[in-house]
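In what follows, a structure is listed as structure tokens, so that the remarks can point back to it.
Just so you know, all these numbers are worked out from the coordinates, no wet-lab data involved. Predicted model only: the values in this text are computed from it and were never measured. Cβ sites come from the backbone with ideal geometry, for glycine too, and all protein chains shown count toward neighbours.
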Amino acid sequence: MLACLLNSQPTDHLPLPSRMLAFGDGVFETCLVTGPGVRFVDDHLQRLREGIVRLNLAWSDQDQQRLQADIDTLLKPLNSVAVLKIILGRQSAGRGYDYDPATQRTDRLLQLFEYHPAPWYKTGARLVTSGVPASINPALAGVKHLNRLDSVLARQSARERQAEEAILCDGDGWVVEGSMSNVFYRRHGRWFTPGLDRAGVNGIIRRRWLQVGDDALVVANIKPSDLTDCEAVLIGNTLMGLVPVTHLDEAPIARANEAELASLRTQIGLNVD
């Protein structure tokens, strides 16, 4: 880790008790930092605000200003590409799950890491279908909250089977997402992505693609079999960008056309540093 701030103060530990540690009571963003600053910073901050509202975290204009000041402090001496993780966690006196809305505060934890892109970001990813189901909870669907144990377990499916990513499905067998990415596939010339009304994280790449307009990306119910019977599959997140999928459960997948992939990256803003 290059640096860490907790409520604007350098630190290497969390104070106890911590609701972030005990309950995963908070939200987070993982951001790519390039020369000009945080890539897609407005999108990340918007998703943070949405998570703050959904979790009813205490947050004021002054908190927002302090967060921006913390980001500026960490990035000012930086002269290389890096990863910034922003964690907002509920701080509240008391014991157990309950908290007093009138007295709660929100901790700001910022961590800066070196960026080490994996070689497969450029060459393509092998996917497997995980036996770990996605956690279903419409009240939290789409939010990048701190409770990510289904993704933690699913990642081991990829490791054990020598793949780069694992696909999570819900209990009815519908594809939700990858353990660390959103999923996209093309059929009959159109791009589709799973709906996230019951589970999953609404990733920044997915959000930006949906904003392109003109049905550039269509939300649909998707089965794993759809991903092997299509024209191309991609996975994406802020750090990897858009990555073509080469295999699913060892079955070869048709590779996305490089010209189309370059065009998609441009539309989403991935070709702009």
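The table for this structure:
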item: Of all DSSP beta bridges in segment 120-268, antiparallel share, percent nearest 5; result: 65
item: Burial ordering of LYS223, LYS76, LYS144, fewest other beta-carbon atoms within 10 Å first; result: LYS76, LYS223, LYS144
item: Gained length - TYR97 relative to ARG190, 0.36 nm times residue gap less alpha-carbon distance; result: 29.0 nm
item: Angstrom value of the Kirkwood radius, inverse mean 1/r, which spans all Cα pairs in segment 3-114; result: 14.6
item: Gyration tensor (Cα) of segment 26-84, equivalent ellipsoid semi-axes in angstrom; result: 22, 13, 8
item: Angle between the chain longest axis and helix 41-55 axis [Cα atoms, degrees, rounded to 10]; result: 70
item: ALA22 paired with ASP61, simple spin-label distance in nm, labels 7 Å along Cα-to-beta-carbon; result: 3.4
item: Tilt relative to the chain, helix 61-75 - C-alpha long axis, 0 to 90 degrees, to 10; result: 70
item: Protection proxy ranking, peptides 19-30, 151-162, 53-64, average beta carbon neighbours within 10 Å, highest first; result: 19-30, 151-162, 53-64
item: The chain: angle of helix 258-268 to the longest principal axis, Cα-based, in degrees nearest 10; result: 30
item: Calculated Rg and Dmax of the chain using C-alpha coordinates, Å; result: 19.0, 56
item: R0 of 41 Å, Cβ-Cβ distance THR228-GLU50: FRET efficiency to nearest 0.05; result: 0.75
item: Amide H contacts under 5 Å for CYS31, placed H, 5+ residues apart; result: LEU84, LYS85, ILE86
item: Cα-centred dipole magnitude for the chain, charges only on beta-carbon of K, R (+1) and D, E (-1), debye, nearest 20; result: 240
item: VAL218 versus THR11: modelled label distance in nm, points set 7 Å from Cα along the beta carbon direction; result: 4.8
item: Proxy reagent accessibility, fewest Cβ within 10 Å first, across ASP170, ASP214; result: ASP214, ASP170
item: Prolate/oblate/rounded label for segment 121-243 (Cα gyration tensor, a/c 1.5); result: rounded
item: Part-to-part distance (alpha-carbon centres) for segment 217-236 and segment 168-209, which is given in Å; result: 8
item: Residue-averaged [θ]222 nm for the chain, counting only DSSP H segments that reach four residues, each worth -39500 (n - 2.57); result: -7500 deg cm²/dmol
